[in-house]
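Below is one structure; the comments refer to it alone.
Any read-out appearing in this document is the output of simple, stated calculations on the displayed coordinates, not a laboratory observation. Note that the structure is predicted; figures quoted are calculated from it, not measured. Here the Cβ positions follow ideal geometry from the backbone for every residue, glycine too, while neighbour counts run over all protein chains shown.
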Amino acid sequence: MRHLLRSLVLVALVCPSVGWAQDAPAVLTPPPGFLLDGMPPVPQAIDEAVAPYNRYRFATLVAWHPSRREMVVGTTFGETMQYHRVAGPGMARTQLTFIDEGLGGGQRRSAYPATFERAAGRYLVFQRDRDGKSNFQNYRLDLDSGTPRALIRRSGSVRDRSQSLWR
């Protein structure tokens with residue numbers, strides 16, 4: 001009996017240091033460009049707790065169809081806005097754009113970031129940031145094929161207006 005008691009006490013003293021010890025809590029790693037002086041490490045649990053409040057989506061009206069009860073809305077997914085068609089009141093949205101760069105010319109630049117073709121609404125003209133430097137360019141989105149094409153193609157840094165796609 002004494003031998004069993006000694007073994008249990010020995011196991012109780014050794015095991016917490018071997019297998020039952022808790023790992024140190026995970027901490028956030030600051031970006032490489034940040035220099036933090038005197039700031040304590042931030043636990044990963046804090047980031048996880050506030051994540052629902054930092055990641056949100058919104059939708060905004062982008063354009064009305066000229067002849068039908070249809071509209072295009074802009075909805076954020078991750079870091080960028082994408083355009084969706086809503087074919088009528090109470091109907092589900094259908095994603096039109098699948099673009100990694102920014103859309104709409106910036107929300108503060110233009111009150112109407114996209115517009116339908118005025119005659120029949122066969123295509124949508126919108127602004128797109130191609131290089132991530134707020135260098136917005138106009139694009140035409142064919143609603144039947146879903147293909148966006150630049151209205152004015154650029155060759156180098158000079159705009160080549162002979163390649164207009166308005167036709």
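Among 56, 83, the ranking by other beta carbons within 10 Å of each residue's beta carbon, starting with the fewest, stands as 56, 83. Of the peptides 39-45, 59-65, the ranking by mean beta-carbon count within 10 Å, highest at the top, reads 59-65, 39-45. Basic side chains Lys and Arg get +1 at the Cβ, acidic Asp and Glu get -1 at the Cβ, and with that the dipole of the stretch 36-103 about its Cα centre reaches some 640 debye.
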